[in-house]
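See structure below.
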Amino acid sequence: MGNEVKRGGMTGLSMLRAAAIAFSTYSAIPVPQVAWTEENRRLAMCFFPLVGAVIGLLLWGWLALADALQVGSFLRGAVAALIPLLVTGGIHMDGFMDTSDALASWQTKEKRLEIMKDSHVGAFAVMHCAGYLLVQAAIYGEAAKGAGPMLACVFVLSRAMSAWALTALRNARPKGMLDAFGRAAGRRMTLISGLVYASVCLGVLISCDIRLATMCIVAAAVCLFVYRGTAYRQFGGVTGDLAGWFLQVTELALSAVIIIGGRLI
């Protein structure tokens, strides 16, 4: 009996440590620092989508405040576009920019991987980042409080898909940070937790609008298909930067489906 309690306590402690690693790695939210061990990393990706939940709730809150104060579309969109960057510290946008530079180089797979590791920022990265933020701000500038629950699901779902892809797709860098997480991640638990997050998101999307929910599912599947094809064809597998690129593209695509699709149907 005592051993069972002890094992249960250790399991709870391990989960808290895993959550701390997920938030310290993929967000700028202050959390207690824990040892970077394989045991602690094993369940970290299971908590990765919770970072998206924080972003989604903050975005929903901002849209509600913007509605109450009758904030114009320019300020509404600009602040909304900044929220994900402030919460994540820009880690995924960094991957998006590095990947944009690599894809624009038209070099070999090996050279593209080198470009992504380069700390210097290229012209294509800057242009793509500026274009991304402009489009994102324009989309969110058209959003109202009522779209908050669906938009919140976007940030959770994109991270659940990214976590699953980490354990399911071939890695281009056997010794990179993404591979370290992949080797440590419990594939079964990552899949189960991902299905739970996806089910909750799907339930929320369907309850809001089944037609938009269907469109989001199709858009998410297309993004995943493009991600796998681009990663394998252009880089030989997935990397941490590519994972950031995938996450950013998925969030923009699903947000566009919700806001623009909501105007069309």
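Ser207 fails exactly one of the following numbered conditions: (1) of a type in the set (Ser, Thr, Tyr); (2) within 22 Å of Tyr232 (Cβ to Cβ); (3) at pLDDT 85 or above. What is the number of that condition?
(2)
Yes or no, residue by residue, for (1) part of a loop (DSSP other than H, G, I, E, B); (2) crowded, with 21+ Cβ neighbours inside 10 Å; (3) at positive phi:
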position: Ile21; (1), (2), (3): no, yes, no
position: Ser24; (1), (2), (3): no, no, no
position: Pro32; (1), (2), (3): yes, no, no
position: Trp36; (1), (2), (3): yes, no, no
position: Asn40; (1), (2), (3): no, no, no
position: Cys46; (1), (2), (3): no, yes, no
position: Gly52; (1), (2), (3): no, yes, no
position: Leu57; (1), (2), (3): no, no, no
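Do you know which of the residues in region 130-146 that are at pLDDT below 95 and part of a helix (DSSP H, G or I) is surrounded by the fewest Cβ atoms within 10 Å (Cβ to Cβ)?
Ranking the candidates gives Gly146 first.
Scan region 82-118 for residues that are hydroxyl-bearing (Ser, Thr, Tyr) and either within 22 Å of the chain's Cα centre (by Cα) or assigned to a helix (DSSP H, G or I) (or both) and jot them down. Explain how you work it out, then say what you get.
Step one: filter region 82-118 for residues hydroxyl-bearing (Ser, Thr, Tyr), giving 88, 99-100, 105, 108.
Those that are hydroxyl-bearing (Ser, Thr, Tyr) and either within 22 Å of the chain's Cα centre (by Cα) or assigned to a helix (DSSP H, G or I) (or both): Thr88, Thr99, Ser100, Ser105.
Output the qualifying pairs, or none if there are none: Cβ atoms under 8 angstrom, residues six or more apart or on different chains, first residue in region 198-227 and of a type in the set (Asp, Glu), second residue surrounded by 12 or more Cβ atoms within 10 Å (Cβ to Cβ) and in a helix (DSSP H, G or I).
If the second residue must be surrounded by 12 or more Cβ atoms within 10 Å (Cβ to Cβ) and in a helix (DSSP H, G or I), the pairs left are Asp209/Met150; Asp209/Gly262.
Quick check, is Leu191 part of a helix (DSSP H, G or I) and at pLDDT below 90? Walk me through how you get there before you give the answer.
On the way: part of a helix (DSSP H, G or I): yes; at pLDDT below 90: yes.
When the stated conditions are applied, Leu191 passes them.
Read through the list (1) in contact with a Cys (Cβ under 9 Å, 6 or more places away or on another chain); (2) buried (at least 20 other Cβ atoms within 10 Å of the Cβ); (3) touching a residue at least 40 places away in the same chain (Cβ under 8 Å), then give the number of the only condition that Met97 fails.
(3)
Quick check on region 63-81. Is at least one of its residues touching an Asp or Glu at 6+ places or on another chain (Cβ under 9 Å), assigned to a helix (DSSP H, G or I) and either of a type outside the set (S, T, N, Q) or at positive phi (or both)?
Just the residues of region 63-81 that are touching an Asp or Glu at 6+ places or on another chain (Cβ under 9 Å), to begin with: 73, 76-77.
Still in the list and also assigned to a helix (DSSP H, G or I): 73, 76-77.
Now drop any that are not either of a type outside the set (S, T, N, Q) or at positive phi (or both), which leaves 76-77.
Looking for residues that are touching an Asp or Glu at 6+ places or on another chain (Cβ under 9 Å), assigned to a helix (DSSP H, G or I) and either of a type outside the set (S, T, N, Q) or at positive phi (or both), one finds at least one in region 63-81, hence yes.
The values are calculated or read from the model by the stated rules, or taken from the named source; none is laboratory data. Remember, it's a predicted structure, so these values are computed and weren't measured experimentally. All Cβ positions, glycine included, derive from the backbone under ideal geometry; neighbour counts span all protein chains shown.
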